[in-house]
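Structure, as structure tokens:
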Amino acid sequence: MPLFQTPYRAVLLTLATLAGCAFSPVEPGMTREQVTSRLGSPTRTVALKSGTRLQYAAGQRAIMVDLDPTGRVVQARQVLTSYAFESIEIGKWTRADIEREFGPPAMVDRVASWPADIMTYRWREFEDLLFWVYLDENNVVQRTGQGIDLSRDGPADKK
């Protein structure tokens, strides 16, 4: 049974929400200047239909700060979570949608068994994890997957 469909889903979502709430001193109503004075320059700035998104991506976290048209914070949240990844719509979302919602990937790979790019996000939920987004030749999401990030375990001879 996939992790997202287990009886523990409610517990996971609650913990993810609590973790997201404690990440930052950014609060609704703050100005863009107040945000950048606390968090620094964003990794990216993305235009939204309803304003602007400041993306702060670093390591296993990606903080999205949404601003209204006047430059005031509407919401701020950590998006590299199982709950957020569930929102991806296979066959509908594009690379641009993924990057708008999750920021830049940790890496983009190609493998012989897949015809196009695979975007990789590093995240943490009880352990170090990877989330893959498989794109087709038109940059449309065709599938996603997740797994344990074994690259952070260290060399086998050190155990």
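The values are calculated or read from the model by the stated rules, or taken from the named source; none is laboratory data. Computed from a predicted structure; not experimentally measured. In this analysis, Cβ positions are derived from the backbone assuming ideal geometry, glycine residues included, and neighbour counts consider all displayed protein chains. Side chains included, ligands, DNA and RNA excluded: accessible areas come from the protein's heavy atoms. Shrake-Rupley method; radii C 1.70, N 1.55, O 1.52, S 1.80 Å.
Details
- Filter result for P42 (open to solvent by less than 70 Å² (accessible area, probe 1.4 Å) and at pLDDT below 95): no
- Residue check, R95 over 10 Å from the mean Cα position of the chain (by Cα) and among the basic types (K, R): yes
- For region 132-139, the count of residues that are at pLDDT 95 or above, β-branched (V, I, T) and open to solvent by 30 Å² or more (accessible area, probe 1.4 Å) is zero.
- Hey, A16 in contact with a helix residue (DSSP H, G or I) (Cβ under 8 Å, 6 or more places away or on another chain), under 22 Å from Q146 (Cβ atoms), surrounded by fewer than 19 Cβ atoms within 10 Å (Cβ to Cβ) and modelled with pLDDT under 95 or not: yes
- Residues (part of a loop (DSSP other than H, G, I, E, B), loosely packed, with under 15 Cβ neighbours inside 10 Å and either at positive phi or among the β-branched types (V, I, T) (or both)) located in region 74-131: I90, G91, V111, F126
- Any hit, region 56-65, residues being of a type in the set (S, T, Y) and crowded, with 17+ Cβ neighbours inside 10 Å: yes
- Evaluation of G154 against (1) modelled with pLDDT of 95 or more; (2) over 30 Å from V26 (Cα atoms); (3) not hydrophobic (A, V, I, L, M, F, W, C) (one fails), failing number: (1)
- Residues of region 140-149 satisfying the condition of being open to solvent by 70 Å² or more (accessible area, probe 1.4 Å) and either under 22 Å from A57 (Cβ atoms) or not in a strand (DSSP E or B) (or both): Q146, I148
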